[in-house]
């Protein structure tokens, strides 16, 4: 509900209340700046300190955020670092929620939370939410060795993964591109409802990743997925009734690459794409539960 209110500008912030003629002051009690959603969640010096402490990659840049929708779009790209222990739940919604709570405690009860308290509460709630979720476990596979590219090859590398919930059919997809030296150069995520199976979600993730690669003119590409079944189907150029349409699209897209290969990688070595996929799934589930 909080995210929904954020997106439809229904949070009772200073700028919102002033626009409705309910109050005359729109200033932030912490810093005196104009209080709107972007200020509260990102640009207020207090919020900035919380984000500086947050163990995440690809934090939103204030200069690229104009409204709650662009803030959410930027936040979806964040990756929570592995030591936090969040593989299913993204951290940013919980940071936003506790920034909002900290604001209300300060405004109405004159109670002050420190930046580290806000972050600790956010991580604790994110972990609790993650423990309450039920996702079908992926087949366990022996750990694979770390991907090492030959210096003679200049291919780009793409790590792809999907997350799927059987009861709703909701799926999230994530992909991460690296150059041949292992330097991250781009990443993305997407979500989709009514996906029939985990395998279909994995195939859709590969399709999305290939489209993104073509958009970025990455025509020499090695794709890594932790779905052995999908990799086998792609390399054998086989299909199933369920995947026929998706695999046909992939076979058409592969014609536009100069070189393209599909490779299996263990789940342990695919954590970045896995985190992006589960973050996208989390957001889809959040909006679905609020009727958005």
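The values are calculated or read from the model by the stated rules, or taken from the named source; none is laboratory data. Because the structure is a prediction, the values reported are computed rather than measured. Note that we place each Cβ from the backbone using ideal geometry, even for glycine, and neighbour counts take in every protein chain shown.
Quick grid of which residues meet (1) more than 19 Å from the chain's Cα centre (by Cα); (2) at pLDDT 95 or above; (3) surrounded by 13 or more Cβ atoms within 10 Å (Cβ to Cβ):
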| position | (1), (2), (3) |
| --- | --- |
| 104 | yes, no, no |
| 109 | yes, no, no |
| 122 | no, no, yes |
| 134 | no, no, no |
| 137 | yes, no, no |
| 141 | yes, no, yes |
| 144 | yes, no, yes |
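Going by the structure shown, is residue 254 farther than 22 Å from residue 90 by Cα and touching a residue at least 24 places away in the same chain (Cβ under 8 Å)? Reasoning before the result, please.
Working: farther than 22 Å from residue 90 by Cα: yes; touching a residue at least 24 places away in the same chain (Cβ under 8 Å): yes.
Answer is yes for this residue.
For the stretch 27-80, the tally of residues that are on the phi > 0 side of the Ramachandran plot and without any contact (Cβ under 8 Å) to a residue 12 or more places away in the chain stands at 1.
For every residue, the table says whether it meets (1) in contact (Cβ under 8 Å) with a residue 40 or more places away in the chain; (2) within 23 Å of residue 281 (Cα to Cα); (3) crowded, with 21+ Cβ neighbours inside 10 Å; (4) in contact with a helix residue (DSSP H, G or I) (Cβ under 9 Å, 6 or more places away or on another chain).
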| position | (1), (2), (3), (4) |
| --- | --- |
| 176 | yes, yes, yes, yes |
| 180 | no, no, no, no |
| 186 | no, yes, no, yes |
| 193 | yes, yes, no, yes |
| 206 | yes, yes, yes, yes |
| 215 | no, no, no, no |
| 221 | yes, no, yes, yes |
| 224 | yes, yes, yes, yes |
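Need pairs with beta-carbon distance below 7 Å; first residue at negative phi and within the stretch 115-126, second surrounded by fewer than 19 Cβ atoms within 10 Å (Cβ to Cβ); sequence gap 6+ or separate chains. From the stretch 115-126, the pairs are 115/49; 115/53; 116/53; 119/53; 123/84. Working only within the stretch 4-14, note down all residues that are surrounded by 19 or more Cβ atoms within 10 Å (Cβ to Cβ) and in contact with a helix residue (DSSP H, G or I) (Cβ under 8 Å, 6 or more places away or on another chain). If the condition is that a residue be surrounded by 19 or more Cβ atoms within 10 Å (Cβ to Cβ) and in contact with a helix residue (DSSP H, G or I) (Cβ under 8 Å, 6 or more places away or on another chain), then 6, 11, 13 are the ones that fit. Given the structure, is residue 266 surrounded by fewer than 19 Cβ atoms within 10 Å (Cβ to Cβ) and closer than 27 Å to residue 90 by Cβ? It is true that residue 266 is surrounded by fewer than 19 Cβ atoms within 10 Å (Cβ to Cβ) and closer than 27 Å to residue 90 by Cβ. Filtering the stretch 66-88 to residues that are more than 18 Å from residue 41 (Cα to Cα) and surrounded by fewer than 19 Cβ atoms within 10 Å (Cβ to Cβ) leaves 81, 82, 83, 84, 85, 87.
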